[in-house]
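A short worksheet on the structure shown next.
The values are calculated or read from the model by the stated rules, or taken from the named source; none is laboratory data. Nothing here was measured: the structure is a model prediction, and the numbers come from that model. Don't worry about glycine lacking a Cβ; one is built from the backbone with ideal geometry, like all the others, and counts go over all protein chains shown. Side chains are part of the model used for accessible areas, which takes the heavy atoms of the whole protein and leaves out ligands, DNA and RNA. Shrake-Rupley method; radii C 1.70, N 1.55, O 1.52, S 1.80 Å.
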Amino acid sequence: MPNSKTSTPRFYEINLRQVVCAGLLLAIGVILPNIFHAIGGSTAGKIFLPLHIAVLMGGLLLGPVLGALIGLLLPLLSFLLNAMPAPPTLFFMLFELTAYGFFTGLCYRKLPLYPSLILGMLAGRLVNALALLVGVGLLCVHYPGMTGSLLPAAVGTVVSATVAGLPGIAVQLTVIPLLVMTLKKSGVLNGRD
């Protein structure tokens, strides 16, 4: 096995510190929606997007593999423990959040923090639209609010969710970079140098 200090890290290498960090982000991701719902009511999740914060941070701090894994597991854990997000939203969020974690982590390997965060968010929304097209169009999954022609309905659903989530997007673009830079400077985590 090559010396990890002298070789370049591989795409799939994961250490114990990263696994612990992923677990903490999953726990934070399960707790945050409860806090937002307790303070802001049932619509706070759609406005402030608390699940997204842990996933986007996971991609930036831990890379595409663990970021994607956090994105896949977090909605499932949240549903099992808190019954939110409820089906059918849960099914589409699995794809969206997995894409957030993966693409944010992948972009951050080559790009600065803000472009990586923004590109990851855009990729997640695109994957959400594609999942809606496949789920509603091919698999006949009923999704509230999607009526009429499939493509405009899917695009409209993603656009309206994005507009409703603008406060959460603003929080993400403000808080996540500050947290990532602070954690990297502290040396607690080994994010990208």
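Worth pointing out:
- For the range 98-193, a/c is not less than 1.5, where a ≥ b ≥ c are the root eigenvalues of the C-alpha gyration tensor, and a/b tops b/c. That puts it in the prolate class.
- For the chain, the solvent-accessible area works out to 54 Å² per residue, with a probe of 1.4 Å and every protein chain left in place.
- Nearest-ten-degree value, helix 150-164 long axis tilted from longest Cα axis of the chain: 60 degrees
- Spin-label model, Phe91/Val175: points 7 Å from Cα along the beta carbon direction are separated by 3.0 nm.
- Rolling a 1.4 angstrom probe over the chain with all protein chains present gives an accessible area of which 74% lies on carbon and sulfur atoms.
- Radius, Kirkwood style, for the range 13-159 when every pair of distinct Cα atoms is counted (Å): 15.5 Å
- Look at where the Cα atoms of the range 90-134 and of the range 139-193 average out, and the two centres are 8 Å apart.
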